[in-house]
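Undergrad: Dumping the structure here so I can ask a few things about it.
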Amino acid sequence: MTFADMARDTPRTASANVLTGFAALVRSLGADPAALLRRARVPLSALSDPQARLPVASVARLLEDAAQAVGCPDLGLRLSASRRLSHFGAVGKLARDEPDLRHALRAISAWMHLHSEVILDLQEGGDGVALCVHHSEAMAATSPQVVDLVVGGTLQIVRHLRGSQWHPQAVCLARPSPADARPYRHYFGCPVAFDADGNALFMTQPDLDQPVSEADPIFRSESERQVEAWAGLQARPVDARVAELIHVMLPSGRCTMANVALRLGLQERTLRRHLAVAGMSFAGELEAARRELARSYLARSDKSIGAIAGLLGYSEASAFSRWFRKAFGCEARAWRDKARRAR
C-alpha cells in the first residue's frame with residue numbers, strides 16, 4: 001500500500017477550531033459536552049487543541065446530536081458567532097492585510113482548502129454580488145447544523161473585515177425551514193430564504209470596494225509567504241510532517257501518537273500504517289527527536305535541566321534524568337560539562 005492509496009481512504013477532515021465555544025454553549029443549555037463528544041466519537045482533547053483535525057462526518061453528527069439533545073434547533077448558528085479570522089491562521093492574516101473586501105475574500109477563497117472542505121465562491125454580476133458557500137463533504141452539506149455554522153461563520157468573517165455592524169442584503173440557506181425563523185433574521189440582519197438550491201450571502205458592489213480597516217500592506221507579503229510555506233508543508237509526506245509535529249508538540253507534554261494523528265486528521269492505526277510503509281515508528285521518531293533536542297539544548301543554551309525537561313515533554317526533571325542516563329549513559333550535567341569543554 002502506498003501513501004497515495006492510504007490518502008484515498010482517509011476521511012475528509014476539518015480543523016477542531018470549528019468547535020470553538022461548543023463546550024460553553026452546550027453547558028449553558030444544560031448538557032454535558034463530554035458526553036456528547038463521546039457519543040459522536042470525537043476526542044475530548046480536540047477542544048483544547050484547535051489545530052487537531054477531525055472527520056467532518058463526526059463533527060456533523062456531533063452538532064446534530066447536540067442540537068436534538070438540548071432542544072436547540074439553531075445550535076450551529078449560535079456556535080458560528082464564535083468564528084474569527086484568527087481561526088484561519090496565516091490565511092486570516094493575509095485577508096486582513098488585503099486592500100479591500102474583494103481582495104480579502106478572494107484570498108480566503110484561494111486558500112480555504114488548507115483549513116477545511118468549505119468552498120467560497122465570490123460571484124459578481126451587474127450590481128449584485130453573491131458570496132456562495134459550499135461544503136464538499138456530502139453529509140456536512142446536508143446537515144442543517146453544519147450549514148448554519150458555515151454560513152453563519154462566513155458572516156462573522158465578512159464582519160471582521162467590513163465592520164461589526166455590516167449585514168448582507170439577503171441570505172439563502174440550503175436547509176429546511178426551521179419552525180421559528182426569527183433567530184436567523186435577527187442574526188443575519190436581513191431576509192433569509194430556506195430550502196434554497198445553495199448557500200449564499202448577497203451584498204453590493206460598493207461593499208466589495210470598501211477598504212479593510214486594519215490592512216497593513218507591509219505585512220501582506222510576509223503573510224503570503226507564510227501561507228505558501230504552509231501549503232508546501234501540507235503537501236509533504238506524512239512521515240516528514242510527523243517528525244516536524246513531534247518537535248513542535250514536545251513542550252506541551254501532549255506529544256502522543258494519538259494527538260499527533262489528531263493534528264494530521266488521521267486515525268491512530270492509519271498513522272501507524274503510514275509510518276510502517278516508510279520504515280518508521282512513532283516511538284523511534286519521538287526518541288530521535290528527544291535525543292537531538294537534548295543535545296542541542298544542553299550544548300548551546302543556558303537553560304536549566306528542569307527547563308530542558310519541560311521542553312522535551314517531561315513534567316518532572318527526575319523523569320528526564322532517568323531517560324537521559326539510559327539514552328546517553330551519563331548524567332545530563334556531566335554531558336553538558338563535557339560538551340562545553342570540547343568547544
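Undergrad: Give the shape of the range 85-160 as rounded, prolate or oblate, defined through the alpha-carbon gyration tensor: a ≥ b ≥ c are the square roots of its eigenvalues, a/c under 1.5 means rounded, and otherwise the shape is prolate if a/b is larger than b/c and oblate if not.
TA: oblate
Undergrad: Using the basic label-point model (7 angstrom from Cα toward the beta carbon), what is the ASP121 to SER252 distance in nanometres?
TA: With each label point 7 Å from Cα toward Cβ, the separation is 3.5 nm.
Undergrad: Rounded, prolate or oblate: pick one for the range 214-343, where a ≥ b ≥ c are the square roots of the eigenvalues of its C-alpha gyration tensor, a/c under 1.5 means rounded, and failing that, prolate if a/b is larger than b/c, else oblate.
TA: oblate
Undergrad: Another one. Counting only C-alpha contacts under 8 Å and six or more residues apart, can you give the relative contact order of the range 90-201 as a whole percent?
TA: Across the range 90-201, relative contact order equals 22 percent.
Undergrad: Hey, another quick one. Could you calculate the FRET efficiency of ASP209 with ARG182 from 1/(1 + (r/R0)^6), where r is the beta carbon distance between them and R0 is 35 Å, rounded to 0.05?
TA: The formula returns an efficiency of 0.60 here.
Undergrad: What is the set of long-range amide H partners of ASP100 at a cut-off below 5 Å, with H atoms built 1.01 Å from backbone N?
TA: VAL212
Undergrad: Now a separate question. Return one whole number: the accessible area per residue of the range 262-302 in Å², for a 1.4 Å probe.
TA: 52
Undergrad: Using a 1.4 Å probe on the protein chains only, how many percent of the accessible area of the range 118-242 belongs to carbon and sulfur?
TA: Roughly 53 percent, rounded to a whole number.
Undergrad: If you stretched the chain out fully between SER28 and ARG333, how much longer would it get, using 0.36 nm times the residue separation minus the C-alpha to C-alpha distance?
TA: 104.7 nm
Undergrad: Lys and Arg at +1, Asp and Glu at -1: add these up for the other residues within a Cβ distance under 14 Å of SER143 and post the number.
TA: Here the count lands on -3.
Undergrad: With a ≥ b ≥ c taken as the square roots of the eigenvalues of the C-alpha gyration tensor of the range 216-256, please select rounded if a/c is under 1.5 and otherwise prolate if a/b is larger than b/c or oblate if it is not?
TA: oblate
Undergrad: When ranked by the protection proxy of mean other Cβ atoms within 10 Å per residue, highest first, what sequence do the peptides 30-41, 150-161, 62-73 form?
TA: So the peptides 30-41, 150-161, 62-73, ranked by packing, come out 150-161, 62-73, 30-41.
Undergrad: Can you give the relative contact order of the chain as a percent, counting alpha carbon pairs under 8 Å and 6+ residues apart?
TA: For the chain, the relative contact order is 16 percent.
Undergrad: At 1.4 Å probe size, with every protein chain present, just tell me what the per residue accessible area of the range 111-203 comes to in Å².
TA: Accessible area per residue: 44 Å².
The values are calculated or read from the model by the stated rules, or taken from the named source; none is laboratory data. This is a predicted model, so every value here is computed, not measured. Cβ coordinates were reconstructed from backbone atoms using ideal geometry, including for glycine residues, and neighbour counts include every protein chain displayed. Protein only, heavy atoms only, side chains kept; ligands, DNA and RNA dropped before computing areas. Shrake-Rupley method; radii C 1.70, N 1.55, O 1.52, S 1.80 Å.
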